[in-house]
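Q: I'd like to ask some things about the structure below.
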């Protein structure tokens with residue numbers, strides 16, 4: 001009895017056992033959607049190595065948007081807890097997206113949503129049950145998305161005592177880096193797994209490596225420095241959502257040339273920016289949005305002829321009555337679903353040309 005008490009006390013002191021829960025550091029399992037290796041496994045970019053970011057960009061690239069943990073467990077309940085520097089609240093995005101967890105379990109070959117939650121602000125040290133009361137004794141393949149707007153230093157996943165948890169092989173194939181705006185990062189989604197690159201990955205099995213940075217995807221040279229070092233089979237860009245028409249004209253071709261030099265023979269797939277519903281009646285917004293879409297159209301017509309391995313595809317994130325927007329700029333979950341589906345066939349067709357199936 002004395003030995004049991006000593007063992008329990010040691011486990012509690014190590015943070016591995018709490019009220020019948022056994023915890024595992026998420027980075028000891030399988031992280032998917034990682035852009036590149038970083039000293040902090042939950043950061044997307046090493047901001048000590050790569051310079052030039054603004055203060056806001058520096059925070060954003062440290063947030064694990066699009067990163068998920070893949071593991072197997074037979075636990076009837078799964079808990080999660082993040083430790084780190086929580087970012088500010090976002091008025092147009094639910095807490096379960098920017099500071100929360102989103103769990104999917106594979107069933108009949110498809111990823112089925114299982115649960116989502118976030119830690120309470122008044123109880124930041126308390127693990128939250130992402131799912132519970134599942135059938136015991138059944139091993140499940142799990143995919144847990146991390147917060148999209150939280151800089152974390154540690155993430156632990158809890159299971160019931162007496163159950164097991166182990167890494168699973170990356171369930172996705174290939175490595176496709178995607179650089180983009182708040183859309184790509186996932187602003188206005190309800191859960192952290194609902195950004196369009198994540199939806200695309202679950203539906204196609206193609207691994208997307210998310211470098212979405214809200215308001216800051218403007219084809220900057222220092223972002224090109226990061227992307228030049230990324231090991232990927234293909235690159236997708238949501239490059240025309242943040243810059244205005246003048247900036248697109250100034251930066252597009254130098255950006256393409258930098259990417260081609262760094263990744264010869266790799267497909268570079270540019271997306272047209274989506275229709276923002278704010279332009280429905282606002283004439284100023286309509287003029288600005290129309291100008292940058294027209295600039296992107298005209299320049300990309302030249303680019304796809306001038307440069308090998310460069311492509312331009314359309315996007316759609318709205319229904320006919322334009323009711324899929326949260327704030328006139330960002331789509332809701334259904335809008336992002338429409339976006340993911342609108343680019344699915346074009347991207348898969350391009351990837352097949354390069355033997356990426």
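The values are calculated or read from the model by the stated rules, or taken from the named source; none is laboratory data. In this text, all values refer to a predicted model and were calculated from it rather than measured experimentally. Note that we place each Cβ from the backbone using ideal geometry, even for glycine, and neighbour counts take in every protein chain shown.
Table: residues versus (1) in the same structural domain as residue 189 (by TED's automatic domain parsing); (2) out of contact with any helix residue (DSSP H, G or I) (no Cβ under 9 Å at 6 or more places or on another chain); (3) without any contact (Cβ under 8 Å) to a residue 40 or more places away in the chain.
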residue	(1), (2), (3)
259	yes, no, yes
269	yes, no, no
281	yes, yes, yes
307	yes, no, no
331	yes, no, no
339	yes, no, no
345	yes, yes, yes
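Q: Check every one of the strands (runs of 3 or more DSSP E) wholly within the range 112-187 and list those with 2 or more residues that are under 19 Å from the mean Cα position of the chain (by Cα). Let's see the steps before the verdict.
A: Details: elements: 128-131, 140-145, 150-160, 165-167, 173-180.
Hits in the range 112-187: 140-145, 150-160, 173-180.
Q: Right, something else. Taking the range 15-31, which residues are buried (at least 19 other Cβ atoms within 10 Å of the Cβ), closer than 17 Å to residue 100 by Cα and in contact (Cβ under 8 Å) with a residue 40 or more places away in the chain?
A: Result: 26, single match.
Q: Filter the range 39-87 down to the residues that are without any contact (Cβ under 8 Å) to a residue 24 or more places away in the chain and either assigned to a loop (DSSP other than H, G, I, E, B) or within 19 Å of the chain's Cα centre (by Cα) (or both) and list them by number.
A: From the range 39-87, those without any contact (Cβ under 8 Å) to a residue 24 or more places away in the chain are 39, 41, 46-49, 55, 58; that's our starting set.
Hits for the range 39-87 are 39, 41, 46, 47, 48, 49, 58.
Q: Same structure again: The conditions are (1) surrounded by fewer than 19 Cβ atoms within 10 Å (Cβ to Cβ); (2) assigned to a helix (DSSP H, G or I), and residue 321 fails exactly one of them. Which is it?
A: Single failed check for residue 321: (2).
Q: Is there a residue in the range 249-271 that is at pLDDT below 95 and within 21 Å of residue 214 (Cα to Cα)? Don't jump to the end; show me each part of the working.
A: Within the range 249-271, the first condition is being at pLDDT below 95, and the residues that meet it are none.
No: zero hits.
Q: If you don't mind, there's one more thing I want to ask. Being out of contact with any strand residue (DSSP E or B) (no Cβ under 8 Å at 6 or more places or on another chain) and either on the phi < 0 side of the Ramachandran plot or in a helix (DSSP H, G or I) (or both) is true for just one of 201, 214. Which residue is that?
A: Details: 201 fails: out of contact with any strand residue (DSSP E or B) (no Cβ under 8 Å at 6 or more places or on another chain).
Exactly one of 201, 214 is out of contact with any strand residue (DSSP E or B) (no Cβ under 8 Å at 6 or more places or on another chain) and either on the phi < 0 side of the Ramachandran plot or in a helix (DSSP H, G or I) (or both), namely 214.
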